[in-house]
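In what follows, a structure is listed as structure tokens, so that the remarks can point back to it.
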Amino acid sequence: MIDEAGASEVTGPPKYLSIAAAVTALVGFGDSIYLTIHHLTAEPVPCSVITGCETVLTSSFAEIGGIPIAAFGAAAYFAAFSLAVLAFYGNRLMWFLFGVLACVMAAVTAWLLYLQAFVIGAFCQFCLLSAATSIILFIASLLGRFWNRNG
Amino acid sequence: MKKEAKPQENNKMPLLIIGGVLVAAAIIGYLYYNSSRTPGGNANRAANASNVNSNRSPSATAPLGANPPNMIGSPTAAVTIEEFADFQCAACASVHPILKEIQSIYGSRIRFIFRNFPLGIPQHDKAYEAAVAVEAAGLQDRNKFWDMQNQLFVNQQAWTNSPNYRNLWEGYAQQIGLDVERFRNDMAGRATKERVDADLARGRGLGLDSTPTVLVNGKNIPFQAMTAANLRQVIDSEIQNSLKAPAANSSNEANTSRNAAAPANAQ
């Protein structure tokens, strides 16, 4: 049996991994907030790298129940950031929860990439940035798991 | 005593970081939201959009749109399908054949209305003009509206990427048998733009901010449900409902008697 106080004393993931995860989550958080604000203000986002941002961001997939999908992303990234910060300070349980969240986010990312590629037929650079950050978080959680097994 | 103070500080630090980030995000987000919001009230549009997207009936107070509307089918049909589309929207072009299929399946059992809703975004720089072009075709002959609409969706990639898109449109106009000179003049005229603006005002009044938007008897159909099979299911159920509740359709009866006097209005 491990009590909660004890759990927080147990060494979590390597420091550099939780810092990298926190920074990546922060990038995803900023990106999601940016997309949420553009959705709410109905202002188009600059689409300089690739074309198709507006097709993706104005599609019916851009919101669920009237809430912009980017807002869900922002909430998830903020949660991931918080968990990574708590893990940095040695809370192993938080790193476990971070891993669970990263898996869910990676699955959602895969679904959103599928929608962009095969249903909407267009890509949005800010959505791809979000996809990249959630994949990095997923990889970080896998590395953390590997570390825990071998550490 | 000193030894106890350090872990406490350590416990507070992550919460301070998390709280700090949250406060910073809220402040920056609020400032950016205010600077992004256009005085015209785009935020209201977005807020209204959530009403439509949550499948509620659109507000009855929305402007009526271009009059007469670009309509196909029967004006007295129990089911009204209203499409809001942008000619530079790829998703609209992908839904176009599905809606054509629906029109051919249901014929006069539905009333299909096409609304121009060119999104005012830099990437859709030709969308408004395309809507005007389609209206210009409709001014010559109502049926030519649908022919031109079809041409613009089918050839979307070609004209969207061409600097000589107006020449391409004139080519399509010639192909569908329009008087090209008149088509050119109508495009420059006010009547066509007024029709597009009226449709745009209706879309905005309904709180729309995305295309394609398809309303079946006022109910917003999510993009992922815009398949022929799903639409048929929704339309069939609406037809069934109208048969089950004849009392609720007293206004339709009034329309029917009006239509008996003017059956030619069906197109």
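Report the full-extension gain for the segment residue B:181 to residue B:225: residue separation times 0.36 nm, less the Cα-Cα distance, to one decimal in nm.
Difference between extended and current length: 11.7 nm.
How far apart, in nm, are two points set 7 Å out from the Cα along the Cα-to-Cβ line at residue B:154 and at residue A:145?
5.2
Residue by residue through A:87-93, how many Cβ atoms from other chains fall within 10 Å of the Cβ on average?
Mean partner-chain Cβ count within 10 Å for A:87-93: 2.
Which entries of B:126/B:193; B:144/B:219; B:193/B:219; B:219/B:244; B:100/B:193; B:100/B:244 have Cα-Cα distances beyond 21 Å here?
Pairs exceeding the cut-off: B:144/B:219; B:193/B:219; B:100/B:193; B:100/B:244.
Viscosity 0.692 mPa s, temperature 37 °C: what is the translational diffusion coefficient of the stretch B:61-261 from Stokes-Einstein with a Kirkwood Rh over Cα pairs, rounded to a whole number of µm²/s?
188
Per residue of A:64-76, count partner chain C-beta atoms within 10 Å of its C-beta, then hand back the mean as an integer.
2
At R0 = 51 Å, how high is the FRET efficiency between residue B:143 and residue B:16 if r is their beta carbon distance? Nearest 0.05 is fine.
Plugging the Cβ-Cβ distance into 1/(1 + (r/R0)^6) gives 0.15.
Quick check: from the Cα gyration tensor, does the stretch B:156-209 come out rounded (a/c under 1.5), prolate or oblate?
oblate
Starting from the 7 Å offset along Cα-to-Cβ, what nm value, one decimal, do you get for the label separation of residue B:31 and residue B:243?
Taking the two extended label points, one gets 6.3 nm.
Using the count of nearby Cβ atoms within 10 Å as a rough guide to exposure, how do B:194, B:82 rank from fewest to most?
Ascending Cβ contact count within 10 Å gives the list B:194, B:82.
No lab work stands behind these numbers, since they all come straight from the coordinates. Note that the structure is predicted; figures quoted are calculated from it, not measured. Note: ideal-geometry Cβ built from the backbone for every residue, glycine included; neighbour counts use all protein chains shown.
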